[in-house]
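Below is one structure, written out as structure tokens, with a few remarks after it.
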Amino acid sequence: MSDHATSANGTEYILTISCPDTVGIVFAVSGFLAERGCNIIDSAQFGDRVTGLFFLRIHFSAAGSSPAKTALEGAFAELIATPFRMSWKLHDATRPQRVMIMVSKFGHCLNDLLYRYRLGYLPIEIPAIVSNHRDFYQLAAWHNVPFHYLPVTADTKQAQEERLLEIIDEERVDLVVLARYMQVLSPSLCATLEGRAINIHHSFLPSFRGAKPYHQAYARGVKLIGATAHYVTSGLDEGPIIDQEVERVDHTLTPDDLVAIGRDIENVVLARAVKYHVEHRVLLNGNKTVVFK
């Protein structure tokens, strides 16, 4: 792969930044880019008055005379990032993120992601689908995506997760998506995948954690149900939330009706979360996220 990605309009990058809020951050960053022949295409920023942190996402193009990516990174680290104490990344804007999808026996989110991927609605590549069941190998084959059947039990969990990491490494996976993968990842695997694994939870967190949340919601007579996409952490269903959606319901609906409605919501929420992540729109803010839509 070349040192930078090139689109029809030239080299494009996305710069994401978080740092202590202070005067002059945007001025310094924009000036740095302008001095190197870079043109800002889109910019979004947010200053958190509670945490005192500042967040910035800049999508910019670089002219042919601009420095290569490694030179830009080196100069930015020395002149801007270090003085402002920044956590930052410079991403190739035109390189599709490589996404591995994991699934168990409910395939609606998998099917939806594959459909969006096939039609080009998601700027991703899917090098692998992993499941602890065989149910969706034909669906994977139809989309020409390699399918890995990795059954798991309490006795084989460690070996199964070691194989997972091998696939992630072999396929150069950028993001892991748990599309209704109904297995709890070990704390060590969660730590390894920190910030690059997204789960869809079939509930509007933080309410109704654990098994059968729609049945829990039904038992409480809720008037709204929803779904939550969040980053995976060792705390079950407690990772930073990326996106949520709700649907109004009433007393005439059965638990099965809620499940059906909920699955449609899950599809939309997970697809949005994946899109936000692969477009580098999500920045971590402690146990929360800043999402530049």
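Every read-out reported here was derived from the displayed coordinates using simple, explicitly stated rules and does not represent laboratory data. Not measured: the values here are computed from a predicted model. In this analysis, Cβ positions are derived from the backbone assuming ideal geometry, glycine residues included, and neighbour counts consider all displayed protein chains.
Over 29 Å, how big is the tail of the calculated P(r) for the range 97-291, in percent of all Cα pairs? I get 20 percent for the Cα pairs in the range 97-291 exceeding 29 Å.
To the nearest 20 debye, what charge dipole does the range 97-291 have about its Cα centre, counting +1 at the Cβ of each Lys and Arg and -1 at the Cβ of each Asp and Glu? Could the numbers behind the result be given before it?
Details: 20 positive and 23 negative charges, 65 e Å.
Here the range 97-291 has a charge dipole of around 320 debye.
The Cβ shell under 12 Å around residue 124 holds other residues with a net charge of +2, Lys and Arg each +1, Asp and Glu each -1. Our note on the geometry: Cα centres of the range 23-62 and the range 139-183, 37 Å apart.
Neighbouring Cβ atoms within 10 Å as the yardstick, rank 61, 43 fewest first. Could the numbers behind the result be given before it?
On the way: 61 18, 43 15.
In order of increasing Cβ crowding within 10 Å: 43, 61.
Residue exposure proxy: 109, 19, 38, ordered by other Cβ atoms within 10 angstrom of their Cβ from fewest to most, comes out as 19, 38, 109. Which pairs in the list 69/157; 157/223; 157/212; 105/223; 89/212 are over 31 Å apart, alpha-carbon to alpha-carbon? Among 69/157; 157/223; 157/212; 105/223; 89/212, the Cα-Cα distance tops 31 Å for 69/157; 157/223; 89/212.
If the convex hull of the alpha-carbon atoms of the range 205-293 is projected onto planes in all directions, what is the mean projected area in square nanometres?
Details: hull surface 23.6 nm².
Averaged projected hull area, Cα only: 5.9 nm².
Provide the percentage of antiparallel DSSP beta bridges, counting only those with both residues in the chain; round to the nearest 5.
Details: 43 of 59 bridges.
If I count the DSSP bridges inside the chain, around 75 percent turn out antiparallel.
Given 10 Å bins starting at zero, what is the percent of C-alpha pairs of the range 9-103 in each, up to the one with the largest pair distance? P(r) over the range 9-103, rounded to whole percents: 15, 48, 27, 10, 1.
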